[in-house]
1. Kindly list the number of the only condition in (1) over 19 Å from A88 (Cα atoms); (2) surrounded by 15 or more Cβ atoms within 10 Å (Cβ to Cβ) that fails for N324.
2. Assuming K149 fulfils every condition listed in (1) free of Cβ contacts under 8 Å to residues at least 40 places away in the same chain; (2) of a type in the set (D, E, K, R); (3) closer than 21 Å to C193 by Cβ apart from one, which condition is it?
3. What pairs come up if the first residue lies in region 189-212 and is closer than 15 Å to V56 by Cβ, the second is among the basic types (K, R) and within 16 Å of the ligand (Cβ to nearest atom), and their beta carbons are under 8 Å apart, counting only those six or more places apart or on different chains?
4. Condition first: touching a Ser or Thr at 6+ places or on another chain (Cβ under 9 Å) and closer than 18 Å to V262 by Cβ. Now tell me which residues in region 315-344 satisfy that.
5. Counting just the residues of region 182-198 that are under 19 Å from S169 (Cα atoms) and surrounded by 20 or more Cβ atoms within 10 Å (Cβ to Cβ), which one comes out nearest to the ligand (Cβ to nearest atom)?
6. What are the pairs, 6+ residues apart or on separate chains, where a residue within region 17-33 that is within 25 Å of V52 (Cβ to Cβ) and surrounded by fewer than 16 Cβ atoms within 10 Å (Cβ to Cβ) has its Cβ under 9 Å from a residue that is among the β-branched types (V, I, T) and modelled with pLDDT of 95 or more?
7. Taking I175 and the conditions (1) within 23 Å of Q42 (Cβ to Cβ); (2) aliphatic (A, V, I, L, M); (3) away from the ligand (no atom under 16 Å from the Cβ); (4) crowded, with 22+ Cβ neighbours inside 10 Å, which numbered condition does it fall short on, given that it satisfies the others?
8. Tell me yes or no: at least one residue of region 67-84 is under 18 Å from G171 (Cα atoms) and within 14 Å of the ligand (Cβ to nearest atom).
Amino acid sequence: MKINVTKSSMPSYYEYIEEIKDIWDSHWLTNMGRKHNELEKQLQDFLAIPYVSLTVNGHNALELALQALELTGEVITTPFTFASTTHAIVRNNLTPIFCDITLDDYTMDSNKIESLITDKTCAILPVHVYGSICDIEKIETIARKHNLKVIYDAAHTFGECYKGKSIVSYGDISILSFHATKVFHTIEGGAICYHDSCLKERIHQLRDFGIRDEENVDMAGTNAKMNEFCAAMGLCNLRHIKVEIEKRKRAVDRYKMHLNNVPGLHLPKTKQDVTYNYAYFPVYFDEEIFGYSRDEIHARLKEKNIFSRKYFFPLTNTFNCYKNQYSINDTPVAFDVSKKILTLPLYSDLQEEVIDQICEIILTK
Ligand SMILES: *Cc1c(COP(=O)(O)O)cnc(C)c1O
């Protein structure tokens, strides 16, 4: 039996077929159709945020968010993330400035942000990595003091709340990814979440080639529209999201039962006042205490047909395409974590016996 790091959740075949039936009647396949608009509305309710603009994927959501805010100059961000975060900055002709992360939960180290601010800084782009919540209060204070925009890459935090508020309601904009591997998905998809009504028209034009109406094109936009079949998958998945997250919690609790308090293994610190979505299960291996390195455990699991991931390795500031532009000495904690962290298989119907087996393999001396 092969165990992958993740497995896409799906509604029943019949539920999806039922949902897409009226697409055949309408012959309306994309361009802000009924499914699309219904999903936007349902997500606005579910995520408790005034505006949700759907996009073709999370990466486009991020690119459009940066473009919509008309930013120029430097953006303070983290290298401990998926390629998308850094690429979105670079593809907007902005300069990423890399801030280190904390060892506690791998989010941006808010104590190190201010020293990176220059007269060119326009925004902070932190990532709620693995579903851990950034130091929101401190980041907000810094942003207000220096008049910076805050865009959260919330790709890992669908449905999470902090202090009773939806996580996507923090910052100027939060973006979500609805990729097939995420907690909530639309096969491919994403969303831009925001409060400011002035952004809505811009974002909607930008995701549709900058077209205002039949005769006016105002901006060099892109094509980032979500199609009806993806929106239909989202409508189905949203019906099951609560159960989905509960099942993930059960799997995470099982892992914790085995791996909490093992000398040399570290799990991300959880914060009070957060309702988590249990998106990932990262484990940090301190070889000197635990006895085995991350890479050894990764290989050992692979031998047994269990596929964990060295997520996030390599750091984005060490990618070939950014060679010689950045120094890992600027982000030593992130560099250390990237060499020692492993995300273990996690999905809603991952069986407890399999989790027991995975932990047994990891803990065998
Ligand atoms: C998945 C992901 C994205 C990009 O999302 P896509 O929908 O795959 O384009 C961006 N940032 C992070 C942190 C992600 O994990």
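The values are calculated or read from the model by the stated rules, or taken from the named source; none is laboratory data. Since this is a predicted model, take the numbers as computed values, not measurements. Heads up, the Cβs are rebuilt from the backbone with ideal geometry, glycines too, and the neighbour counts pull from every protein chain shown.
1. Among (1) over 19 Å from A88 (Cα atoms); (2) surrounded by 15 or more Cβ atoms within 10 Å (Cβ to Cβ), N324 violates only (2).
2. (1) is the only condition that K149 fails.
3. Within 8 Å, the pairs are R207/K225; D208/K225.
4. Filtering region 315-344 down to residues touching a Ser or Thr at 6+ places or on another chain (Cβ under 9 Å) leaves 315-319, 322, 326, 328, 331, 333-335, 338-340, 342-344.
Once the filter is applied, which keeps residues that are touching a Ser or Thr at 6+ places or on another chain (Cβ under 9 Å) and closer than 18 Å to V262 by Cβ, region 315-344 yields K340, L342, T343, L344.
5. G190
6. These pairs meet every condition: L29/I23.
7. The single condition I175 does not satisfy is (3).
8. The answer is yes, given that some residue of region 67-84 is under 18 Å from G171 (Cα atoms) and within 14 Å of the ligand (Cβ to nearest atom).
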